[in-house]
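Heads up, the thing below is written out as structure tokens.
Nothing in this text is a laboratory measurement; each read-out follows from the coordinates by a stated rule. Just so we're clear, the structure is a prediction, and the values are computed from it rather than from any experiment. Neighbour counts run over all protein chains shown; Cβ positions are idealised from the backbone, glycine included.
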Amino acid sequence: MQGTIVYNPDVEDTIIGTLLFNPELIEVVLEEGVRDTDFFDRVNQKIFDAIVRLWNEKGDILTFDLILEFLRREKIVPDLIEETKLLERYGGNYVTARETLAEYCKVLKKYTLKRELVRIAEEILSKDYKDPEELLDIILDKLFELSEKKDIAPYVSLSEILPEIRKQIEEFSQSKTFITGIPSGFPQLDEKTAGFHPGELIIVAGRPGMGKSSFGLTIAKNVALNENLPVGFFSLEMAKDQLALRLISFVSKIPLKKLRLGHINEEEKEILDEAIKLLSKAPIFIDDSASLTTTDLRIKAKRMKKEHDIQLLIVDYLQLVRGVRKYSSRQEEVAEVSRSLKSLAKELEIPVIALAQLSRQVEHRSDKRPQLADLRESGQIEQDADLILFLHRPDYYYRIKGKDVPPELKNKVEIIVAKQRQGETGVVEAMFVPELSLFVAKDPREDALDIVEEYETTEGEPPDLPDLMLDDDEDLGLL
């Protein structure tokens with residue numbers, strides 16, 4: 001951009017002069033992450049590159065005479081700069097203190113960042129973007145890519161790493177827990193995953209009627225109430241009032257139907273008030289915008305992080321988030337959404353749980369258990385996800401066909417760990433309470449079976465879940 005100062009010649013020349021006349025300080029420069037591309041001046045760029053290559057070859061025996069000889073051999077002297085000019089330009093322009101040189105390097109890196117920002121601005125101004133949302137998304141993408149750039153740091157000795165690892169192991173040992181991330185509230189699941197970790201994209205997928213929204217909300221409740229950690233919940237499907245009603249049902253154990261109709265007795269009113277009082281303190285932040293682009297989601301999530309320091313983000317659900325560009329296929333758009341959610345997890349340094357719809361392939365098999373291939377547009381989603389969980393309720397398929405549910409399958413849920421980058425796959429069992437739309441851990445300590453028996457559904461009647469409204473997927477344009 002015209003008039004913008006994108007480099008400081010004095011800073012550049014001082015660093016090069018120091019390397020020429022005090023080459024033993026080269027490690028300071030490299031430790032600060034300086035690279036040849038940080039120099040704007042072409043002569044400085046070429047001299048720095050030559051010195052680094054010579055240092056890689058000769059090591060700590062570098063001297064001014066060795067460097068000058070190498071510059072002649074590389075024809076940097078005299079093709080780019082005469083020898084007399086070299087001495088004149090850099091001869092009195094160097095420092096001797098390591099700390100001073102490190103400060104010069106930091107200033108140099110700031111000018112590099114400034115040039116990158118100017119370059120991005122010029123690139124954006126040179127094109128005519130008709131859609132402001134597309135322009136905003138491109139700007140955010142480029143800034144994120146810029147923040148993601150990491151300089152190649154010097155190698156680290158294993159002996160330097162081991163004490164920190166030992167300290168972590170000791171902390172885990174003292175805490176007497178196998179969970180190193182955020183607990184889900186399902187002990188058997190946490191045993192497999194060690195919890196949800198920063199930067200992870202977790203996909204929770206299932207067919208309509210499996211209770212994906214309820215599962216996501218159950219996790220939000222567990223994390224907010226049990227761990228007192230702030231949770232962001234983006235619901236593109238259900239209204240905030242519906243979500244709040246479900247949370248009240250979760251905590252009060254009063255069936256949803258009774259809450260909807262207001263058919264509660266005096267004792268239940270007291271329980272209801274206590275549940276509302278408890279939930280009022282729960283750090284759950286809900287956005288129920290019906291239509292969100294990846295840009296909208298990113299901006300709102302960053303605001304939640306900044307204002308409330310959310311430690312977990314849940315998106316219900318992935319296929320309802322829209323891309324901002326024009327795509328030749330639905331698969332390309334969902335791929336962009338998937339990549340955006342993974343980038344968001346890394347950018348905010350929190351786990352992101354995205355609920356996802358499965359294709360109808362499940363319905364055409366005798367074994368209804370989901371597989372990775374059942375994920376819609378599965379290629380990119382499967383690639384981006386660090387952890388993929390499938391929800392499978394065997395009794396659901398008996399109920400929708402009007403058949404008696406075998407006792408051993410009644411209200412049983414299989415949480416299938418289909419993919420995990422850092423651990424094993426397998427199946428974890430849980431229970432589902434239809435009247436509450438609540439998932440509970442199948443663990444003796446939780447009395448899960450007692451809860452289910454207390455709120456039994458009528459045999460042969462499918463649960464009254466909002467998810468069932470999504471059976472006709474074609475209407476959503478997701479196939």
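Distance between the pseudo-spin-label points of E82 and V427 (7 Å out from Cα toward the beta carbon): 8.4 nm.
What does the extension gain come out to for I61 and E160, with contour length at 0.36 nm per residue minus their alpha carbon separation? Mind dumping the intermediate values first?
Numbers: separation 99, 0.36 × 99 = 35.64 nm, distance 2.62 nm.
Result: 33.0 nm gained on full extension.
When a/c reaches 1.5 or more, the comparison of a/b and b/c decides; with that in mind, is segment 9-128 rounded, prolate or oblate per its Cα gyration tensor?
In terms of gyration-tensor shape, prolate.
Between segment 43-115 and segment 270-348, the C-alpha centres lie 49 angstrom from each other. State the antiparallel share, in %, of DSSP beta bridges confined to segment 181-476, rounding to the nearest 5. Within segment 181-476, antiparallel bridges account for around 45 percent of the total.
Starting from the Cα gyration tensor of segment 76-121, take the square roots of the eigenvalues, sort them a ≥ b ≥ c, and report rounded, prolate or oblate (rounded when a/c is under 1.5, otherwise prolate if a/b is larger than b/c, else oblate).
Numbers: a/c = 4.25, a/b = 1.37, b/c = 3.11.
Taking the square roots of the gyration eigenvalues as a ≥ b ≥ c, segment 76-121 is oblate.
Note on segment 9-128: with charges restricted to the Cβ of Lys and Arg (+1) and Asp and Glu (-1), its dipole about the Cα centre is near 240 debye.
Applying 1/(1 + (r/R0)^6) with R0 = 56 Å to the Cβ-Cβ distance of E414 and K127 gives a FRET efficiency near 0.65.
Using the structure shown, select from K269/K401; K167/K277; K221/K269; K212/K257; K106/K142 the pairs with a Cα to Cα distance greater than 28 angstrom. Over 28 Å apart, Cα to Cα: K269/K401; K167/K277. For segment 157-298, what class follows from the C-alpha gyration tensor (a ≥ b ≥ c being the square roots of its eigenvalues): rounded when a/c is under 1.5, otherwise prolate if a/b is larger than b/c, else oblate? Since a/c reaches 1.5 and a/b is larger than b/c, the shape of segment 157-298 is classed as prolate.
At 0.36 nm per residue, minus the direct Cα-Cα distance, what do R73 and V107 gain on full extension? Give it in nm, one decimal, please. Please report the intermediate quantities before stating the final value.
Details: separation 34, 0.36 × 34 = 12.24 nm, distance 3.11 nm.
Difference between extended and current length: 9.1 nm.
Note on V6 and D49: the extension gain reaches 13.4 nm, defined as 0.36 nm multiplied by sequence separation minus the Cα-Cα distance. Summary of packing: across the peptides 352-358, 105-111, 256-262, 433-439, the per-residue average of other C-beta atoms within 10 Å ranks them, highest first, as 352-358, 433-439, 105-111, 256-262.
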